[in-house]
Structure formats: structure tokens, C-alpha cells
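Each value in this text was obtained by applying a stated rule to the coordinates, not by laboratory testing. Note that the coordinates shown come from a computational prediction; the quantities given were computed from them, not determined experimentally. When we count neighbours, we look across all protein chains shown, and the Cβ atoms used for this are built from the backbone with ideal geometry, even at glycine.
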Amino acid sequence: MRKKIVAGNWKMNKTFEQADELMSDIMDQLEQTELNRDVQLIVCPPFPYLELCTDYANDSYFAVGAQNVSDQERGAYTGEVSAEMLKSFELVDYCIVGHSERRSYYGETDAIVAAKVNRLLAAEITPIVCCGEVLAEREAGKQFDVVRRQITDGLFHLDADLFKGIVIAYEPVWAIGTGKTATPDQAQEIHAFIRQLICEKYGNEIAQDTTILYGGSCKPSNAKELFANPDVDGGLIGGASLKADEFIAIAKAF
């Protein structure tokens with residue numbers, strides 16, 4: 001059975017004190033809530049708070065992920081963080097790659113995403129690889145072409161054994177931070193399409209074992225309906241992950 005995941009992407013939010021308070025609140029919520037232990041909770045804070053979050057993770061069953069990684073191994077790349085650095089934290093087990101904001105604001109291409117995936121896999125860190133279309137592409141009916149290109153160019157260079165270490169997150173860009181959400185049918189349609197692409201490349205067994213998350217204004221009020229889809233295996237949560245009660249409520253949707 002493929003892994004169910006609820007991952008919180010804090011993006012560039014919270015001071016150190018606020019991050020500490022949020023983690024404390026999450027721990028309190030976990031102590032008071034009976035969650036399905038088959039669901040992997042992941043917290044993805046900004047880089048400066050990784051150690052804080054891994055300290056909390058020592059006392060719980062949630063995991064910690066980074067929000068980005070360099071496509072370079074090491075060297076004179078001021079401001080960058082390597083996969084080797086992330087690995088040295090020991091409890092940083094995941095990393096988001098190819099988020100739409102990285103693609104849009106910083107010009108990350110599918111080739112850069114592929115290079116970052118390679119770095120993370122070499123460091124034995126699980127990449128959470130994002131894909132998805134913008135509103136103009138959705139309205140033009142190009143969402144399948146966009147997702148196919150991003151998956152093919154960003155991931156299909158991997159052999160089957162390496163691909164097994166991948167988590168995919170479908171994020172309709174038009175639904176991120178807008179309050180809009182893909183309908184359950186729209187989410188299922190794209191998730192099933194992604195799984196079929198994987199099946200065509202690597203076979204049905206690997207396709208059925210690949211975790212595919214939904215990212216795009218997922219919140220407590222719609223999580224249960226989204227997660228009920230057969231090909232939606234959880235969520236990459238943005239704004240709702242900044243509030244402990246909402247984050248845990250989404251995890252309870254399973």
C-alpha cells in the first residue's frame with residue numbers, strides 16, 4: 001500500500017519564536033488527537049528553522065523536510081544549500097523540488113528540477129516533486145501537456161529503482177493562495193493521468209506504489225473529499241499548515 005502523506009509547506013513565514021510556538025502547538029495537538037499512524041506527517045519550514053523542527057521530531061513520529069535544495073554539489077554558490085548539508089541534519093528526510101513559485105519567480109526549468117532530484121536521491125533524501133499548470137494553461141486545455149512535460153523531463157531520466165524514491169505533488173497553480181480549489185473530480189483526473197504516465201514508463205506495480213499529493217488551497221473543509229479520491233494520497237499544504245489545529249485537522253481527514 002502506498003504511503004499517505006500530509007506535508008506542511010511553511011514557505012517564507014514565521015520568526016524563530018513563532019516557529020517554535022507553532023511546533024509546540026503541533027506537538028500539543030498530536031498528544032490530544034488520535035491520528036491514523038499510517039499517515040506520514042511532514043513539516044517543511046524555512047532553512048533557518050530546520051534544526052528547531054528536527055529537535056521536535058525526535059519526540060514524535062512526524063518527519064521534517066526542506067523547501068528547496070541547490071542543483072550543485074558544493075562550491076562557490078553564495079546563498080545556496082546543498083543536499084549534503086541537508087543530509088547532515090540527519091532527520092531531514094524530505095525536500096520539496098520544483099514548486100511553482102520556484103519555477104515562476106526564479107526561473108527553474110525541468111532540467112534544474114531533474115538535477116535537484118538527482119542530488120537529493122544521492123543524499124538519500126526523498127524529493128517531493130511538484131508539477132501543475134497555471135490558469136491560462138488550464139483554460140486552454142493544456143494541463144495534460146504541461147504535466148506530461150514536467151513529469152517526463154523532470155523525472156523520467158531515473159531508472160525504476162531510483163524512481164521508487166520519489167513523491168509527486170500535483171499543484172494546480174491557479175489554486176495556490178487564491179482560495180480556489182480544484183474540484184475533487186479535477187484533482188482525481190490529473191492524479192490518475194500522472195499515475196498512468198508512470199505506469200507507461202515503469203509499469204503498473206511502481207505506478208500503484210507512487211504517492212501523489214494534491215497541493216492547492218487544501219484545507220480542513222475540503223480535505224476529506226479530496227483525499228477520498230482513489231489516486232489522491234494526501235496533500236502538500238500551504239497556508240493551513242501555519243495553524244496547528246488546521247494542519248492536524250487535515251491529517252485527520254484520512
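Before moving on, here are some points about what is shown:
- For Gly235, the residues 5 or more places off, or on other chains, whose built amide H falls under 5 Å of its own are Ile5, Val6, Ala7, Tyr214.
- The residue list Gly235, Gln29, Gly107 was ranked by how far each Cα lies along the charge dipole of the chain toward its positive end, using unit charges on Cβ atoms, and Gly107 comes out on top.
- Cα gyration tensor category, rounded, prolate or oblate, for segment 1-45 with a/c compared to 1.5: oblate
- Here the residues Tyr170, Tyr214, Tyr49, ranked from fewest to most Cβ neighbours within 10 Å of their Cβ, fall in the order Tyr49, Tyr170, Tyr214.
- Kirkwood Rh and Cα Rg combined as Rg/Rh, the chain: 0.94
- Three-way shape call for segment 154-249 based on the alpha-carbon gyration tensor, with the a/c threshold at 1.5: prolate
- Under 19 Å from the Cα of Lys14 - lysines, other chains or at least 8 residues apart: Lys243
- Simple spin-label estimate for Arg149 and Glu84 in nanometres, 7 Å along Cα-Cβ: 3.4
- When each of Met23, Met1, Met85 is scored by the number of other beta-carbon atoms lying within 10 Å, the sequence from fewest to most is Met1, Met85, Met23.
- For Trp10, the residues 5 or more places off, or on other chains, whose built amide H falls under 5 Å of its own are Cys44.
- Debye, to nearest 20: dipole size of segment 4-251, +1 on Lys, Arg Cβ, -1 on Asp, Glu Cβ: 660
- Phi angles across segment 129-142 convert, under the Karplus curve 6.51 cos²θ - 1.76 cosθ + 1.60 with θ = phi - 60°, into 3J(HN,Hα) values of 9, 8, 8, x, 9, 7, 4, 4, 6, 5, 5, 8, x, 9 Hz, Gly and Pro given as x.
- Mean residue ellipticity at 222 nm, helices only, the chain: -13000 deg cm²/dmol; runs of at least 4 DSSP H residues each add -39,500 (n - 2.57), and the sum is divided by the number of residues.
- Counting only Cβ charges, +1 for Lys and Arg and -1 for Asp and Glu, the dipole size of segment 61-191 around its Cα centre is about 140 debye.
- Rg/Rh for segment 208-254, where both radii come from Cα atoms and Rh is the Kirkwood radius: 0.96
- In this structure the amide hydrogen of Lys219, modeled in the peptide plane, comes within under 5 Å of no amide hydrogen from residues 5 or more places off or on another chain.
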